[in-house]
Every structure is written in C-alpha cells, then in structure tokens.
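Shown next, in structure tokens, is the structure this report addresses.
The values are calculated or read from the model by the stated rules, or taken from the named source; none is laboratory data. Only a predicted model underlies this, so the values are computations on that prediction, with no experimental measurement involved. Quick reminder, even Gly has a Cβ in these numbers, built from the backbone with ideal geometry, and neighbours come from all protein chains shown.
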C-alpha cells in the first residue's frame, strides 16, 4: 500500500490490539497497515503514549470503520463450563 492518500481509521494503545483489528479487516478483504512510533519495537511503552495507528486506503475507509465498530460492540463469547466443574 502506498502511504500517500491513506486514512487512519483507528488508534490503539498497543500493537497487539491493532494487529488483531488489522486481521479482522483483512479477513473481510480490506488491506490494513499498522504503524507505530515505538523506535522499531525497541520501546513498546511508546505505543501506549503515542498510539498505534491502523491505516487503510481511502476507498475502504467507510467499510473498515463499520467493521471495527461492529467488532468493538460485539458481545463477549460465553464459554459454558463442563458439568461438575
């Protein structure tokens, strides 16, 4: 993806959360790029301070925002316990 004309669709506190969101978008056919100013991963605390950006192409912005909104508001999966536990 050429970084000219890209759109930041969301900011996250950690690279892990941003990578999960990127995976969800890519599963829906939207190429997403995660960028962070954390000295190449050398100083992960900078991710929390400066944020981790998730970017997409402008033509994917609306759909990407909808997918991310659905992901954030999805109910938690409940795991049933085995009888006797």
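Strands (runs of 3 or more DSSP E) wholly in the range 1-82 with at least 1 residues that are exposed (fewer than 10 other Cβ atoms within 10 Å of the Cβ), modelled with pLDDT of 85 or more and touching a helix residue (DSSP H, G or I) at 6+ places or on another chain (Cβ under 8 Å) - which ones? Working first, answer last.
On the way: elements: 7-12, 33-36, 52-56.
Qualifying strands (runs of 3 or more DSSP E): none found.
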Listed by first then second residue, the pairs whose first member lies in the range 10-27 and is on the phi < 0 side of the Ramachandran plot and without any contact (Cβ under 8 Å) to a residue 40 or more places away in the chain, whose partner is in a helix (DSSP H, G or I) and surrounded by 15 or more Cβ atoms within 10 Å (Cβ to Cβ), with beta carbons under 7 Å and at least 6 positions apart or on separate chains, are 13/47; 14/47; 15/47
